[in-house]
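Each remark here refers to the structure printed beneath this line.
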Amino acid sequence: MSKVFITSALPYANGPCHLGHLRSTYIPADIYARYNRMKGNDVLFVCASDEHGTPIAVRAEQEGLPAKEVAGRYYEMIKNDLDSCSISFDNFSRTTDSKHYEISQNFFLKLYEKGFIYEKIIKQPYCVECSRFLPDRYVEGICPHCNGEGARGDHCESCGRHLEPTQLIEPTCLICKGTPEIRESKQYFFKLSHFQDDLQKWIESNNELPPNVKNYALQWLKEGLKDWILTRDMEWGIPVPLEGAEGKIIYVWGEAFLGYISSAAQWSERTGKPWEDYWNDEAIHFIGKDIIYHHSIFWPALLMAYGCKLPYTIIAGEYLSLEGRKMSTSKNWVIWASDFLESFDSDTLRYYLIANAPLSRDTDFSWEDFQRRVNDELADVLGNFLHRTFTFTTRFFDGQIPEPSEFDEYDNEFESRIKALPATVGGYIEKFKFREGLIEIIKLAKYGNKYFNDKEPWKTVKTSKNVAANCLYLANQLSKTMAITLIPYMPVKTQEILKILNVDDDINWDDAAEFIPAGHLIGEAKPIFTKVDDDIITKEKEELYENLKEVETMKDEISIDDFAAMDLRVGKIIGAENVKKSKNLLKLMVDVGEKEIQVVAGVAQKYSPEEVLNKTVIVLVNLPPAKLFGIKSEGMLLATDDNMSLLTVEGAEIGENIK
């Protein structure tokens, strides 16, 4: 029995899971893990929430909460989302766990002692008002390449270029809005350039790496690798374990990878099994397209420096768009997993996200296409075949699988296809071609329906019972084979099928090709898949577009003259409640000094009513009243575009004008 170490990319603890996360990373990894367990392989499937980094630190400062508390809020959301979608981790940890701190600091020390980490004096923005150096995402300004406004100290959203904080034009501190100075600071760098040739050889010679990963990595190598800054001047993070490095933490990408190891080590402490045996046999990473560079360049280089075995392969899922448009959490153009599961079961979601397109290709979520696939493929093809098989077995043979007689050519062909299905589907899963394996199952279900129609057991049971017996004998065998081969894809619904078949659910993959003996008693037939009505899809689409409209209403562009006329005031939120039938809006009462106004704000995905109460915020008060969800809104709260975090002010008087 071989051992397999499987990881999913660490979800960043600043928001819940949406369908893009599930499609690119977590569902494919779970399919692979479940299949390998069924094949008898010893699987260790781990993950953790990624809880350090500047976005969480910034949000915590803006909310006036400890960073770990903010991260913990989202850890619970993420874990609930993944559990609800039947993602079968052996361990799901946090990078704020003490075991992770210990492993990360020891890893850093080992690389430092081996000479792969060195000190270097660099220039960095320093905020006099905040009395600290500013990490990259604490600085905003104008991009030096495209003149785009709102560029961060590490990246420009407008042109996509990587930036250094010192490159920004007209930089400002994200917290106090002051202009930072440029000062010298000691940081620690990793000798990434040292591994240029070794990485080139590993990537070019690794035939297990899929083309999208290999090509992307080789393009970066072609441009030449530069040494990589591995520390930041921050409080939130894992402290650098060296004398003279007080106030510095290990950069999040310098320790987040180790979340795979610390989660596995945590599992080892619980089970007594050494995680190293799994890593050294075969380690496979499932990630999203956006972090190919990190996992194919940074992570292997760190492992080379430490002296560890490199991953067997890296599987990167491409992007999922929504109704033909790029997903955007800031614009509410997104479907959150928890919202989806309020109306639909997790297995239909898993089915659709895999059946829609190969993992190596961008694809689109469409509500109408979702409805079509559920109705046509799951209800009409798979569900119809199962229901007819179980119903007619009960009606014509008292619920017992009939004794077959001599097969004709058609029966023999059907039998051969049934027995070949597990090897075909398994072969695709082993090659990470999850959609192709699923298609083979549905294709055979379609063939089964044709066979059933051609054999007409409802007629032949009266005229030639042997023909009906052969038909229902084979139809029940296909039902079992499909149920077993569908377990990695749809782990909940398949239990319902196996229960009707009266088959033990503790089964392995090879059992799928074994036939149930004649005389076996099955249970009562029940519908497994139901169709999705038009009115449900209409409602979902209306809500989705209403969400977008809410945000766009709040984000209309204005001219410089309009900006000069804006009356921005310091306000205090004195009342808050959710807006009924909206997942994104809060109705707020805000004291702006001379009066109290009602504001409808699209921040419910980020804040509960209790969390915003008594916050001191910035309010645009001279807007004409507007109606959102039928509720009058007399102003607008200022919030960040990336995550809709409210901009708060400290020490200002209520009603004070913002200049």
Exercise. Each residue of segment 333-344 in order: what ³J(HN,Hα) in whole Hz does its phi give by Karplus 6.51 cos²θ - 1.76 cosθ + 1.60, θ = phi - 60°, with x for Gly and Pro?
Worked result: 8, 6, 10, 7, 4, 5, 5, 4, 6, 6, 10, 9
Exercise. So how tilted is helix 196-205 from the main axis of the chain? Cα-based, degrees 0 to 90, rounded to 10.
Worked result: 20 degrees
Exercise. List the trypsin sites (Lys or Arg not before Pro) in segment 260-366 that DSSP assigns to loop (not H, G, I, E or B) and whose Cβ has at most 16 other Cβ atoms within 10 Å. Which are they?
Worked result: LYS309, LYS326, ARG361
Problem set entry | Mean projected area in nm² (Cα convex hull; one quarter of hull surface) for segment 309-438 | 13.0 nm²
For this session: Return the whole-Å distance between the Cα centroid of segment 1-62 and the Cα centroid of segment 238-297.
Result: 13 Å
For this session: Could you calculate the FRET efficiency of GLU577 with THR166 from 1/(1 + (r/R0)^6), where r is the beta carbon distance between them and R0 is 35 Å, rounded to 0.05?
Result: 0.20
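For ALA626 and THR530, what is the calculated FRET efficiency with R₀ set at 45 Å and r taken between the beta-carbons, to the nearest 0.05? It would help to have the intermediate numbers written out before the result.
On the way: r = 40 Å, r/R0 = 0.89.
E(calc), rounded to 0.05, equals 0.65.
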Seminar exercise, completed: For the chain, the percent of accessible surface on carbon and sulfur atoms (probe 1.4 angstrom, ligands and nucleic acids excluded) is 47 percent
Seminar exercise, completed: For the pair PHE344 and LEU638, the simple spin-label estimate (label points 7 Å beyond Cα toward Cβ) gives in nm 4.0 nm
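Would you please classify the overall shape of segment 248-295 from the alpha carbon gyration tensor, given that a ≥ b ≥ c denote the square roots of the eigenvalues, rounded means a/c under 1.5, and beyond that prolate means a/b larger than b/c while oblate covers the rest?
oblate
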Seminar exercise, completed: In whole angstrom, largest first, the equivalent ellipsoid semi-axes that the Cα gyration tensor gives for segment 304-367 are 30, 15, 14
Exercise. With axes computed from alpha carbons, what is the tilt in degrees of helix 27-38 against the longest principal axis of the chain, rounded to the nearest 10 within 0 to 90?
Worked result: 40 degrees
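For a 18 Å ceiling on Cα separation, which of these pairs sit above it: LYS39/LYS446; LYS222/LYS431; LYS110/LYS309; LYS572/LYS595?
Values: LYS39/LYS446 26 Å; LYS222/LYS431 28 Å; LYS110/LYS309 16 Å; LYS572/LYS595 11 Å.
Beyond 18 Å between Cα atoms: LYS39/LYS446; LYS222/LYS431.
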Exercise. Rule-of-thumb check for segment 391-431: C-alpha Rg over 2.2 N^0.38 Å?
Worked result: 1.63
Seminar exercise, completed: Between the Cα axis of helix 54-63 and the main Cα principal axis of the chain, the angle (0 to 90°, nearest 10) is 70 degrees
Exercise. By the gyration tensor of its Cα atoms, with a ≥ b ≥ c the square roots of the eigenvalues, what is the shape of segment 154-272: rounded for a/c under 1.5, prolate for a/b over b/c, or oblate?
Worked result: oblate
Problem set entry | J(HN,Hα) series, segment 313-320, from Karplus relation 6.51 cos²θ - 1.76 cosθ + 1.60, nearest Hz, glycine and proline x | 7, 10, 9, 10, x, 7, 6, 10
For this session: State the antiparallel share, in %, of DSSP beta bridges confined to the chain, rounding to the nearest 5.
Result: 70 percent
For this session: Could you do me a favour and compute the accessible area per residue for segment 131-280, 1.4 Å probe, result in Å²?
Result: 49 Å²
For this session: Scan around TRP333 for amide H atoms under 5 Å from its own, H built in the peptide plane at 1.01 Å from N, and keep only partners 5 or more places away or cross-chain.
Result: SER328
Exercise. Between SER405 and residues 5 or more places away or on another chain, which pairs have amide H atoms under 5 Å apart, with H built 1.01 Å from N, and which residues are they?
Worked result: ASN470
For this session: Would you please report the Å³ per residue occupied by the convex hull of the alpha carbon atoms in the chain?
Result: 167 Å³
Problem set entry | Surface per residue (accessible, 1.4 Å probe) for segment 391-430, Å² | 53 Å²
Exercise. Roughly what would the spin-label model give for SER158 and ASP281, points 7 Å off Cα along C-beta, in nm?
Worked result: 5.3 nm
Problem set entry | Inter-label distance for ASN508 and ALA423, nm, one decimal - labels placed 7 Å from Cα along Cα-to-Cβ | 1.7 nm
Exercise. At q = 0.17, 0.26 Å⁻¹, what log₁₀ I(q)/I(0) does a Debye calculation on the Cα points of segment 259-326 give, no solvent, two decimals?
Worked result: -0.72, -1.21
Exercise. In whole Å and largest first, what semi-axes does the C-alpha gyration tensor of segment 1-144 yield when each eigenvalue is scaled by 5 and square-rooted?
Worked result: 34, 22, 14
Seminar exercise, completed: Restricted to segment 166-324, the DSSP antiparallel beta bridge percent, nearest 5, is 55 percent
Exercise. Between segment 344-384 and segment 396-411, what's the alpha-carbon centroid distance in Å?
Worked result: 33 Å
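Could you work out how much longer the chain between GLU656 and HIS294 gets when fully extended? Use 0.36 nm per residue separation minus the Cα distance between them, nm to one decimal.
Between GLU656 and HIS294, full extension yields an extra 125.7 nm.
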Seminar exercise, completed: Taking a probe of 1.4 Å and leaving out DNA, RNA and ligands, segment 1-84 shows per residue an accessible area in Å² of 26 Å²
Seminar exercise, completed: Any residue on another chain or 5+ positions along whose placed amide H is under 5 Å from the amide H of VAL139 is listed here as GLY153, LEU174
Exercise. What do you reckon, how do ASP347, ASP369, ASP197, ASP83 stack up by accessible area (1.4 Å probe), largest on top?
Worked result: ASP197, ASP83, ASP369, ASP347
For this session: At 0.36 nm per residue, minus the direct Cα-Cα distance, what do LYS222 and ASP83 gain on full extension? Give it in nm, one decimal, please.
Result: 46.0 nm
Seminar exercise, completed: segment 236-370: Kirkwood hydrodynamic radius (Cα pairs, Å) comes out at 18.3 Å
Problem set entry | Derived scalar couplings ³J(HN,Hα) [segment 277-292; Karplus, 6.51 cos²θ - 1.76 cosθ + 1.60; whole Hz; x for Gly, Pro] | 4, 6, 4, 6, 8, 7, 10, 10, 9, 10, 9, x, 4, 6, 10, 4
Seminar exercise, completed: Heavy-atom accessible area of HIS155, protein chains in place, probe 1.4 angstrom, given in Å² to nearest 10, is 60 Å²
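The values are calculated or read from the model by the stated rules, or taken from the named source; none is laboratory data. Since the structure is predicted, the reported quantities are computational estimates derived from the model, not experimental observations. Virtual Cβ from ideal backbone geometry, glycine too; neighbours counted across all protein chains shown. Just the protein is used for accessible areas: all its heavy atoms, side chains included, with ligands, DNA and RNA removed. Shrake-Rupley method; radii C 1.70, N 1.55, O 1.52, S 1.80 Å.
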